[in-house]
Amino acid sequence: MGISICNTPLSERQHKEYLRLLEACGLRDEGDADIIALMTEDDILTACGALAGHTVKQLAVAPDAEGQGAMAAVLSALITEAYARGIHRLFLCTKPENLRMFGSMGFYTVIETKDAVLLENRKDGLSSFLGSIPKYDGTCGAVVCNCDPFTLGHRHLIEYAAAHCDDLYVFAVSEKGSMFSPGERLEMIRKGTADIKNCHVFKSDLYLISRATFPAYFIRDESRADLVKSDLDIELFCKRIAPALNISRRFAGEEPFSPVTRAYNERMKELLPANGISFEEIPRLAEISAGRVRRLLETGEPEKIREMVPESTYEIIQRRS
Amino acid sequence: MEIKKNAVAGTLESSDCMVTVEPAKKGLELELESAVIRQYGRQIRKVAMETLKRLGVKKARVSIVDKGALDCTIKARVECAVMRAAEYEGRVNWGGMIK
């Protein structure tokens with residue numbers, strides 16, 4: 001019996017066995033793993049698990065290998081490997097019936113919905129994140145945005161939102177973007193909104209639109225947008241983040257292009273009001289999108305983006321090239 | 001000994017324990033998860049705290065997920081996690097701090 005830690009992609013043979021094991025356990029490969037742990041016995045795959053960013057996933061044990069501690073061994077190997085790579089905050093998404101098992105392995109509930117639960121390997125992760133954010137007394141609103149890069153479209157959304165509440169929290173998605181780093185995006189948003197006095201910009205950390213709370217957003221398999229699961233992310237916002245920060249309004253930009261983001265907005269329309277939080281979708285400024293800006297930068301036409309981004313964003317983009 | 005980074009030692013397998021150590025601003029904080037916390041919680045804490053003291057760890061956040069480990073296992077896992085967190089690997093003073 002041995003466990004090997006493999007970088008993705010796996011070899012063809014390993015991948016085939018891995019898929020077969022996942023299927024036998026009623027799981028599908030989400031395809032976003034950075035590393036995969038494979039446990040074999042006499043050359044037969046008996047258990048597996050993966051690490052995608054800060055998330056442990058694809059944990060499966062072959063039915064005839066159950067009850068022998070395979071899950072504990074695979075999870076241990078993944079945690080050890082994660083630490084060796086400098087990743088020490090770990091999340092895990094599972095079904096509610098597995099709560100007790102993972103609880104005994106040092107994972108604590110962040111948020112639970114009817115059919116899924118998000119766990120983290122520390123008790124006070126979310127509360128220390130919330131504790132680091134200042135609180136305001138009036139009507140508070142929230143915008144969560146990726147801003148890769150920050151455009152005049154984002155600026156338009158934030159201006160509107162800030163005008164419709166006393167204080168506005170803007171949470172910048174902290175995962176690596178497709179073009180700009182989380183630090184660059186945070187700086188772009190801060191500089192691009194510096195004149196809006198009631199707008200407060202923070203990192204979303206790993207609790208709002210992250211690979212842990214909302215993996216589909218980062219996998220971007222648009223063909224399966226109908227299967228997008230965003231409930232954990234939205235429930236986490238409604239049940240734990242909004243109450244702690246007194247947030248009663250959320251704003252988002254209308255999404256004509258990405259089916260995943262559109263599905264997310266649609267789900268927010270249903271779940272937010274049910275939790276006493278209003279949701280408003282703001283029509284997008286014509287012709288402006290972060291995706292378009294990225295494409296123009298890729299094709300080497302930085303001058304053409306000038307009318308789509310604030311001066312501060314343009315300067316940050318110039319600085320890096 | 002100064003805790004410089006997060007580190008882990010041990011496993012979640014039966015009869016073992018997984019110990020994580022991370023830097024802290026002040027004091028020693030010990031969190032324990034164990035199926036036998038009512039029977040052996042105090043003893044596990046005692047072994048862990050003694051080990052930390054012997055290693056001269058003054059500031060750290062330590063978490064132990066116990067799976068029924070014996071005292072000697074707990075001691076070894078705490079030592080290993082601290083050595084890794086203090087970037088001491090490869091220059092361990094056997095017979096000195098570790099005895």
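The values are calculated or read from the model by the stated rules, or taken from the named source; none is laboratory data. Note that the structure is predicted; figures quoted are calculated from it, not measured. Here Cβ is always computed from backbone atoms with ideal geometry, including for glycine, and neighbour counts include all displayed protein chains.
The table below lists the values:
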{"quantity": "Complete set of residues in the range A:235-270 that are part of a helix (DSSP H, G or I) and charged (D, E, K, R)", "calculated": "A:Glu235, A:Lys239, A:Arg240, A:Arg262, A:Glu266, A:Arg267, A:Lys269, A:Glu270"}
{"quantity": "Residues of the range A:58-86 classified as modelled with pLDDT of 95 or more, more than 22 Å from A:Gly31 (Cα to Cα) and charged (D, E, K, R), total", "calculated": "0"}
{"quantity": "Residues within the range B:47-68 that are within 19 Å of B:Ser15 (Cβ to Cβ) and of a type outside the set (A, V, I, L, M), tallied", "calculated": "5"}
{"quantity": "Set A:Glu120, A:Glu97: member being more than 10 Å from chain B (Cβ to nearest Cβ), of a type in the set (D, E, K, R) and in contact with a strand residue (DSSP E or B) (Cβ under 7 Å, 6 or more places away or on another chain)", "calculated": "A:Glu120"}
{"quantity": "Contacts under 9 angstrom Cβ, first residue in the range B:7-27 being on the phi > 0 side of the Ramachandran plot, partner of a type in the set (Asp, Glu) and part of a loop (DSSP other than H, G, I, E, B), 6 or more apart", "calculated": "B:Gly10/B:Asp16"}
{"quantity": "Lone unmet requirement of (1) assigned to a loop (DSSP other than H, G, I, E, B); (2) at pLDDT below 95 for A:Ala225", "calculated": "(1)"}
{"quantity": "Scope the range B:32-41; condition loosely packed, with under 15 Cβ neighbours inside 10 Å and of a type outside the set (Gly, Ala, Ser); matching residues", "calculated": "B:Val36, B:Ile37, B:Arg38, B:Gln39"}
{"quantity": "Subset of the range A:66-76 that is facing chain B (nearest Cβ under 8 Å) and assigned to a helix (DSSP H, G or I) - its residue that is nearest to the chain's Cα centre (by Cα)", "calculated": "A:Leu75"}
{"quantity": "Residue match in the range A:6-26 (condition: under 18 Å from B:Leu12 (Cα atoms) and either in contact (Cβ under 8 Å) with a residue 60 or more places away in the chain or outside the structural domain of A:Leu232 (by TED's automatic domain parsing) (or both))", "calculated": "no"}
{"quantity": "Restricting the range B:1-50 to residues that are facing chain A (nearest Cβ under 8 Å) and of a type in the set (Val, Ile, Thr), the residue that is farthest from the chain's Cα centre (by Cα)", "calculated": "B:Thr11"}
